[in-house]
Amino acid sequence: MYPDEFPRNAWYVAARSAELTEGRLLPRFLLGDPVVLYRTGDGSPVAMVDRCVHRQLPLSLGRLQGDRIECGYHGLTFDTDGSCVRIPGSSRISDRVRVQTFPLIEGDGLVWIWMGEPNSADPGQIPDHQWYTAEGWTTAAGTLHMDARAQLLNENLLDLSHLSFLHPESIGSPEIAEIPVSVSFDERTVTVQRDMRAVECPPFFTRVTGIDESIDRRQIAEFFAPAFHITTTTLKPAADGDDSRMARQKTMHAITPETRTTTHYFWSVSRDYAVQDQAVTDYTLDAVAGVFEQDIQACEAIEHIIASWEPSYPLELNIKVDAGPLQSRKIIEKMLTTEGAHAGARAQDRFTDTATRAAAKAWTARAETLRA
Ligand code: FES
Ligand SMILES: [Fe+2]
């Protein structure tokens, strides 16, 4: 079945860099926990639990005093390391009065958070996503939200046969679903590749590349467990003897659980064609967001069905194209097992209640208000 828990000893995208501006507190539920993100005066990002240890008011409802957060209820003040540095009316503060903070790594336009065992946070585990800012490439990026569990999107992205049926008017063509894939994997990654020869050029690619003839197209879907994907698309006219007209596209998808059954979706499309053409960027922004909304609608509809069966789970048929998605489940289940019973108990405690989901929804709305 689809895992509805998530490993905590892993990096997840918490925000886009542009979302963190000096002087602003950004509230966001991540992995079922309320988190407040902000930037210090020297530009460093900070993330801490968005809950005052006194009477639980979200710290994001307080105010920044320099680099510190002053709670908006009774004035307890917390430094960037989570330590409490002021309790009004008290001259002595125990070292134990603190809120949890989380390791962050920022790069290539993204802010990554580690919400597990802090000593295990190895920056080397962050997948390479250099195309976001690479020379010779242009990127269009957006952020979406989904009322469904993250694993549904993980599996959507590892089975691109759905392009033929869910996105026929944009990036799909009829042949995709019929052409077999090759699947490879290791402990933390899954790669699904499909090579297509002399197939129809889908409408989106004709519009952005100008190629209006049959194409050779390659798709490589790479999954970096538990929450990041790079989908590589290359295409060129099938009649071409060389690669001089080849168009390359790297689509990145950061799938960050908000709660057990809601998800943040940070995406970007980097391309090495029409790099100076703003009209292509604008069209890509619009068209790709529309394609991903179709994926989200499908996942939300599936989540609705799953919810109607819980606590049991409907039987599923597995077919050839499921090899990649099933491998992603195995990897995530193994990561959860490795994290042990503690993680399971914590997940049960946090994610079985609808209150968490409702709170996260309210927070999403609040974050949007702040962004406005
Ligand atoms: S709730 Fe934060 S100081 Fe009282
Ligand atoms: Fe899709």
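Quick check on the chain: helices-only [θ] at 222 nm, where DSSP H runs of length 4 and up contribute -39,500 (n - 2.57) each and the sum goes over total residues. Nearest 500, please.
Computed mean residue ellipticity for the chain: -8500 deg cm²/dmol.
I'd like to know how region 129-336 sits against the 2.2 N^0.38 Å rule of thumb: what's its Cα Rg over that expected value?
Relative to the 2.2 N^0.38 Å estimate, region 129-336 comes out at 1.02.
Using the alpha-carbon atoms, what tilt in degrees (0 to 90, nearest 10) does helix 341-351 show relative to the longest principal axis of the chain?
Once rounded, one gets 90 degrees.
Can you give me the C-alpha center-to-center distance between region 1-52 and region 60-136, rounded to a whole angstrom?
When both Cα centres are located, 8 Å separates them.
Just name one of Trp131, Asn154, Tyr265: the one whose Cα is farthest towards the positive end of the charge dipole of the chain (beta-carbon charges, Lys/Arg +1, Asp/Glu -1).
Tyr265
Roughly how many debye, to the nearest 20, is the charge dipole of region 129-336 about its Cα centre, given +1 on each Lys and Arg Cβ, -1 on each Asp and Glu Cβ, and no other charges?
460 debye
Please give the length that would be gained between His145 and Tyr73 if that part of the chain were fully extended, namely 0.36 nm times their separation in residues minus their C-alpha to C-alpha distance (nm, one decimal).
Answer, rounded to one decimal: 22.9 nm.
Got a sec to turn the phi values of region 98-111 into Karplus ³J(HN,Hα) couplings, 6.51 cos²θ - 1.76 cosθ + 1.60 with θ = phi - 60°, whole Hz, x for Gly and Pro?
The phi angles translate into 7, 9, 6, 10, 10, x, 10, 10, 10, x, 6, x, 10, 10 Hz.
Could you work out the local net charge near Trp137, counting Lys and Arg as +1, Asp and Glu as -1, over the other residues with Cβ closer than 10 Å to its Cβ?
Residues near Trp137 contribute +1 overall.
With contacts defined as alpha carbon pairs under 8 Å and 6 or more residues apart, what's the relative contact order of the chain in percent?
20 percent
With each pseudo-label sitting 7 Å past Cα toward Cβ, what's the Leu57-Asp282 distance in nm, one decimal?
According to this spin-label approximation, the distance is 4.5 nm.
Below 11 angstrom from the Cβ of Asn9, what's the summed charge of the other residues (Lys, Arg +1; Asp, Glu -1)?
Result for the neighbourhood of Asn9: -2.
Rounded to whole Å and sorted largest first, list the principal axis extents of the Cα atoms in region 1-73.
47, 30, 17
Please identify, among Val199, Val321, Val190, the residue showing maximal mean-square fluctuation in a Gaussian network model of the chain using a 10 angstrom Cα cutoff.
Comparing Val199, Val321, Val190 in a Gaussian network model of the chain, the most mobile one is Val199.
In region 65-109, what trypsin sites (Lys or Arg not before Pro) fall in a loop by DSSP, with at most 15 other Cβ atoms inside 10 Å?
Passing sites in region 65-109 are Arg92, Arg96.
For the chain, give the magnitude of the charge dipole about the Cα centre (Cβ charges: +1 Lys/Arg, -1 Asp/Glu; no others), in debye to the nearest 20.
Roughly 1400 debye for the chain.
Within the set of other residues whose C-beta is less than 12 Å from the C-beta of Phe224, count the net charge using Lys and Arg as +1 and Asp and Glu as -1.
Local charge sum for Phe224: -3.
Between Ser328, Ser244, Ser91, where does the largest GNM mean-square fluctuation fall for the chain, given springs only between Cα atoms within less than 10 Å?
Ser91
Bear in mind these aren't lab numbers, they're just calculated from the coordinates by the rules spelled out. Quantities reported herein were computed from a predicted structural model and do not represent experimental measurements. Every residue, glycine among them, receives a Cβ derived from its backbone with ideal geometry; neighbour counts consider all protein chains shown.
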